[in-house]
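Nothing in this text is a laboratory measurement; each read-out follows from the coordinates by a stated rule. The shown structure was predicted, so the numbers you read here are calculated from the model rather than taken from an experiment. Note that we place each Cβ from the backbone using ideal geometry, even for glycine, and neighbour counts take in every protein chain shown.
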Amino acid sequence: MPFYRNIAAKIALLPMIVISLTVFVGCIIYSFVYSLTNSKLVPVMNYVGFDQYERLFKQRKWDVAVENIFIYGFVFTIGCLIIGFLLAVLIDQKIRGESLFRTIFLYPYAMSFVVTGLVWKWVLNPTFGLENSMHMWGMTWFELDWLVNRDLAIYAVCIAAVWQGAGFVMVLMLAGLRGIDEDIWKSLSIEGVAKWKSYIFVILPMLRPMVVTAIVLIAAGVVKVYDLILALTSGGPGYATTTPAMYVMENFFSRANLGQAFAASIIMFISVVCILAPWAFYEFYLRNKYANN
Amino acid sequence: MSTIPKGPRPKHLTVGRIGLYCFIIMCALFFLMPLYVMIITSLKDMDEIRAANILNLPKELSFYAWPKAWSQACTGFVCEGLKPGFVNSVKITVPSVIVSVALSALNGYALAFWRFRGAYFFFGLCMFGAFIPYQVMVYPLLKIEDFLGIYSSLPGIILVHTIFGMPILTLIFRNFYASLPIDLFKAARIDGGNFIKIFFYVIIPMSTPITIVAVILQVTGIWNDFLLGLVFAGRDNQPMTVQLNNIVQVDYGVAEYNVDMSATILTSLVPLFVYFISGRWFVRGIAAGAIKG
C-alpha cells in the first residue's frame with residue numbers, strides 16, 4: 001500500500017501515534033532507564049545497575065506501602081463487588097422509586113477522590129465524628145478511632161473507597177441482570193428454586209464476564225490510589241497508610257530522590273501489567289480464537 | 001403475559017417485600033449520610049459543631065461558612081478562598097474538554113472508516129496507556145513539557161488532560177462509529193466525499209449522543225482531577241480540588257469544619273450538577289468508559 005493512500009487519515013491519527021509513542025511508551029522507557037541510575041535532584045546518567053531496586057525492597061516504608069495496597073486492594077475490590085452486586089439485585093426486584101435509589105447509590109462516583117477523602121475524614125473524626133454521636137446516644141462502648149489507629153486507618157480508607165465505588169459495580173451488574181433472559185427466571189421459578197439461591201448459583205455465574213471486567217477495572221484503579229489517601233489520612237498516622245503511589249510522588253517531589261521514585265514507579269507499572277496481561281490475553285486472544293473456530 | 005390483568009392490584013406487600021424495602025432504605029441512608037453531614041455541618045457555627053452531635057440538624061442556621069469558603073479561606077499565606085480555584089478549574093476544564101473530545105472524535109472516525117495498516121497497532125498502544133499509573137509517566141512528561149516550554153502553565157495542563165483523556169474517548173467514539181451502517185459511509189464516498197467532508201457533513205451531525213456522553217465523562221473527570229493539576233498546572237492555575245485540599249489541610253490555626261465542609265460542597269457542585277441533570281447519560285458514560293477505572 002503506497003504511503004500517500006489514505007493520507008488524510010494518517011495525518012488525522014498522527015497526534016495519537018506521536019502521543020502513544022512518546023508519552024505511553026517513551027515515558028516508561030525513560031523511567032526504566034533512569035531507575036538504573038543514582039539520580040537525586042535531577043536525572044543524571046550514572047549507571048548503578050539494580051541498586052535502586054535493592055534499596056527499595058529494603059525500605060520499611062515501601063514494605064508498609066505494599067502491604068497497604070494489598071489490604072486496600074483486597075477489601076476494596078471484594079467490598080465493591082459484594083455491595084455493588086447486592087445493590088444491583090435489590091434494585092432488580094421491581095421496586096418503587098428505582099431510579100431514585102439508583103441515583104443515590106451512584107452519586108458518590110461523580111465526586112472527586114479528594115472530596116470523598118475530606119468528607120470521610122470529617123465523619124470519622126475521632127472527637128466530633130460518628131463515635132461522638134454514638135456516645136451521645138448512650139452507646140459509650142462504641143469505638144471508631146480508625147483514623148488515629150495505625151492498624152485500622154487503612155480500613156477507613158477502604159470504607160470511603162467502597163462508598164464511592166460500589167455504585168459503579170452496581171451499574172455494571174445491573175446492566176448484566178437486565179440482560180438475563182426472562183425464560184431462565186421462569187424455569188427457575190417452575191423448578192421452585194429459592195430466589196437467593198437462583199441469584200448466587202445460577203445468575204452470578206452467568207454474569208462472569210461482568211464480574212471479571214469489574215475486577216480488572218477496579219484492580220487497575222487500586223494501584224493508582226493517591227488523592228483519596230492524601231485527603232483522608234495524608235498517609236498517616238506516621239506512614240501507616242502510605243501507598244506505592246505516595247512513595248513515588250514523595251520521592252519525586254519532596255525528597256529529591258529521583259532514582260528511587262523511578263524504580264518504585266516501574267514496580268507499580270509491572271504490577272499493573274501483571275493484573276492486565278491475563279485478562280487481555282483472555283479477552284483479545286482466546287476469545288477471538290474460539291470465536292473463529 | 002403482555003395483556004394487562006384486570007381486577008384489583010395484587011397485594012405485593014408481603015413480609016419479604018417490607019424487609020426488602022427496609023434494607024434498601026437503610027443502604028440509601030448509608031450512602032446519603034456523608035452528603036447530609038456535609039450539608040448540615042456547613043450550616044452550623046463552630047460552637048454548635050463542638051458541642052453537638054454531628055448528625056443533628058443545626059439549631060439555628062449559620063451562613064457564615066459559605067462566603068468564607070468561597071472568597072476568604074486561607075491556603076498558606078493567600079486568603080482568597082476557593083474562587084480562584086473555581087476560575088482556574090473552569091479555565092482548565094473548558095478547553096481540555098473541547099480539545100480532547102474533538103481530537104478523539106477525529107481519531108475514532110479515522111479508525112472506524114479509514115483503516116490503514118498499523119492503525120490498530122497504535123490504537124492498542126494508546127489503550128494500553130489508559131491503564132498505566134500516572135506516577136510512571138508524570139516525571140518524564142514533566143520533562144517533555146519543560147522542553148516544550150509549557151510546563152506549569154495553562155496550555156501545559158490542557159495538553160496533559162488531552163493526552164490522558166484520549167484513549168478512552170477514542171475508544172467510545174470508535175465503537176460508536178463502528179456501529180453506524182457502513183453503507184452510509186460508502187454512499188458518501190460514491191458521492192465524492194473526502195475524509196474531511198464526510199467527517200463534517202455526515203459524521204458530526206450524527207454524533208450528538210456520543211458527544212454528550214464524552215463531554216460528561218470529561219467534564220467530571222477533569223474537574224475531579226487532583227494529581228495532574230497539582231503537578232502540571234503550576235501555582236497560578238491550581239484547580240479547585242488542589243486548593244480545596246490546601247484549605248482543609250492547613251497545619252496552623254483553628255480548624256473550621258463548617259468552612260471546610262462548605263468548601264468541599266462547593267468543589268463537588270459542578271460534577272454533582274452534571275450527574276443529577278444528566279442521569280442516564282452519565283450511566284451510559286460509565287458503561288462506555290468503564291476502562292477509566
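Return the lysines within reach of B:Lys186: Cα separation strictly under 29 angstrom, same-chain partners fewer than 8 residues apart disregarded; answer none if there are no such residues.
Candidates past the 8-residue exclusion: A:Lys10, B:Lys197.
Averaged across the residues of A:93-101, what count of C-beta atoms belonging to other chains lies within 10 Å of each residue's C-beta?
3
Any aspartates and glutamates with Cα under 13 Å of the B:Lys59 Cα? List them, leaving off those in the same chain fewer than 8 positions away.
Excluding near neighbours in sequence, the set is B:Asp45, B:Asp47, B:Glu48.
Could you pull out every residue, at least 5 positions away or on a different chain, whose amide H is within less than 5 Å of the one on A:Thr37? Hs are placed 1.01 Å off N in the peptide plane, and Pro or chain starts have none.
Long-range HN contacts for A:Thr37: A:Val48.
How well do other chains shield peptide B:115-125, expressed as the mean number of their Cβ atoms within 10 Å of each residue Cβ?
4
Which residue fluctuates the most in chain A, going by a Gaussian network model with Cα springs under 10 Å, if the choices are A:Leu188, A:Leu172, A:Leu90?
Between A:Leu188, A:Leu172, A:Leu90, it is A:Leu188 that shows the largest mean-square fluctuation.
For a quick check: with amide H placed at 1.01 Å from N, whose amide H comes under 5 Å from B:Thr75's, ignoring anything fewer than 5 positions away on the same chain?
B:Glu80, B:Gly81
What percent do you get for the relative contact order of region B:61-191 when only Cα pairs under 8 Å and 6+ apart count? Please list the in-between numbers first.
Numbers: 89 pairs, mean separation 43.2, N = 131.
Over region B:61-191, the number comes to 33 percent.
Output the Cα-based Rg and Dmax of region A:36-265 in Å, rounding Rg to one decimal and Dmax to a whole number.
For region A:36-265, the Cα-based Rg and Dmax read 22.0, 73 Å.
How many angstrom lie between the C-alpha centres of region B:206-279 and region B:18-78?
Comparing the Cα centres of region B:206-279 and region B:18-78, I get a distance of 19 Å.
If you average the C-alpha positions of region B:146-195 and of region A:111-166 separately, how far apart do those two centres end up, in angstrom?
When both Cα centres are located, 42 Å separates them.
Taking the Cα centre of region A:1-129 as the origin, how large is its charge dipole in debye, to the nearest 20, when only Lys and Arg (+1) and Asp and Glu (-1) carry charge on their Cβ atoms?
In debye, rounded to 20, region A:1-129 gives about 240.
Roughly what would the spin-label model give for A:Ser189 and B:Met46, points 7 Å off Cα along C-beta, in nm?
6.1 nm
Using the Cα centre as the reference, give the magnitude of the dipole from point charges on the C-beta atoms of the protein assembly as shown (Lys, Arg: +1; Asp, Glu: -1; all else neutral), rounded to the nearest 20 debye.
Rounded to the nearest 20 debye, it is 1780 debye.
Taking Rh as the Kirkwood radius, which is the inverse of the mean 1/r over Cα pairs, what is the Rg/Rh value for region A:152-293?
Reported Rg/Rh, Kirkwood definition of Rh: 1.12.
What is the extension gain from B:Cys79 to B:Met33, computed as 0.36 nm multiplied by their sequence separation minus the C-alpha to C-alpha distance, in nm to one decimal? It would help to have the intermediate numbers written out before the result.
Values: separation 46, 0.36 × 46 = 16.56 nm, distance 3.05 nm.
Answer, rounded to one decimal: 13.5 nm.
For chain A, what is the mean residue ellipticity at 222 nm derived from helices alone (per DSSP H run of n ≥ 4: -39500 (n - 2.57); sum divided by total residues; nearest 500 deg cm²/dmol)? Display every interim value, and only then the final one.
Working: 14 runs with 187 residues, N = 293.
After summing the helix terms and dividing by residue count, I get -20500 deg cm²/dmol.
For peptide B:137-149, how many partner chain Cβ atoms fall within 10 Å of a residue's Cβ, on average?
5
Starting with the fewest neighbours, write out A:His135, B:His161 ranked by other beta-carbon atoms found within 10 Å of each beta-carbon.
Arranged by neighbour count, lowest to highest, A:His135, B:His161 become A:His135, B:His161.
Identify the trypsin sites (Lys or Arg not before Pro) of region A:131-219 meeting these criteria: DSSP loop state and at most 14 other C-beta atoms within 10 Å of the C-beta.
A:Arg150
Give the cysteines in chain B for which no other Cys Cβ lies under 4.7 Å away, or write none if there are none.
B:Cys22, B:Cys27, B:Cys126
When you count, for each residue, the other Cβ atoms within 10 Å and take the mean per peptide, how do A:80-87, A:247-254 rank with the highest first?
Peptide ranking by packing, descending: A:80-87, A:247-254.
Regarding the protein assembly as shown, what are the three Cα extents along the principal axes, ordered largest first, in Å?
Dimensions of the protein assembly as shown along the principal axes of its Cα atoms: 81, 76, 46 Å.
So if R0 is 35 Å, what FRET efficiency would A:Arg96 and B:Glu60 give, r being the distance between their Cβ atoms, rounded to the nearest 0.05?
Calculated transfer efficiency: 0.45.
Order of A:Glu143, B:Glu256 from fewest to most other C-beta atoms within 10 Å?
Lowest count first: A:Glu143, B:Glu256.
If each DSSP helix of 4+ residues adds -39,500 (n - 2.57) and the sum is divided by the residues in chain B, what number results at 222 nm, nearest 500 deg cm²/dmol?
Numbers: 14 runs with 199 residues, N = 293.
Roughly -22000 deg cm²/dmol at 222 nm, from the helical runs in chain B.
Decide, for chain B, between rounded, prolate and oblate: order the square roots of the alpha carbon gyration tensor eigenvalues as a ≥ b ≥ c, take rounded if a/c falls under 1.5, and otherwise choose prolate if a/b is larger than b/c, else oblate.
Oblate, because a/c is 1.5 or more while a/b does not exceed b/c.
Which of B:Ile203, B:Ile158, B:Ile132 ends up with the largest GNM mean-square fluctuation for chain B, with Cα atoms connected below 10 Å?
For chain B, modelled as a Gaussian network with Cα springs under 10 Å, the answer is B:Ile132.
GluC sites (Glu not before Pro), restricted to region B:24-84: which are DSSP loop and have at most 16 other Cβ atoms within 10 Å?
B:Glu60, B:Glu80
What net charge is computed for the residues neighbouring A:Gly235, neighbours being all others with C-beta under 11 Å from the C-beta of A:Gly235, Lys and Arg scored +1, Asp and Glu -1?
Once positives and negatives cancel, what remains is 0.
Over chain B, what is the relative contact order in percent, taking alpha-carbon pairs closer than 8 angstrom and at least six residues apart?
29 percent
Loop only per DSSP, at most 11 neighbouring Cβ atoms within 10 Å: give me the chymotrypsin sites (Phe, Trp or Tyr not before Pro) in region A:113-209, ordered by residue number.
Numbers: sites: A:Phe113, A:Trp120, A:Trp122, A:Phe128, A:Trp137, A:Trp141, A:Phe142, A:Trp146, A:Tyr155, A:Trp163, A:Phe168, A:Trp185, A:Trp196, A:Tyr199, A:Phe201; in loops: A:Phe128, A:Trp137, A:Trp141, A:Phe142.
Answer in residue order: A:Trp137, A:Trp141.
Excluding residues fewer than 8 places away in the same chain, name every one of the lysines whose C-alpha is closer than 24 Å to that of A:Lys40.
List returned: A:Lys58, A:Lys61, A:Lys224, B:Lys143.
When the dipole is taken about the Cα centre of region B:83-292, and only Lys, Arg (+1) and Asp, Glu (-1) are charged at their Cβ, what size is it in debye, to the nearest 20?
Using only the charged Cβ atoms, the result is roughly 820 debye.
Specify the residue with the greatest mean-square fluctuation among B:Ala110, B:Ala102, B:Ala28, computed from a Gaussian network of chain B linking alpha-carbon atoms under 10 Å apart.
Residue with maximal mean-square fluctuation among B:Ala110, B:Ala102, B:Ala28: B:Ala28.
Can you work out the FRET efficiency for the pair A:Arg5 and A:Lys58, with r the C-beta to C-beta distance and R0 = 41 Å, to the nearest 0.05?
0.15
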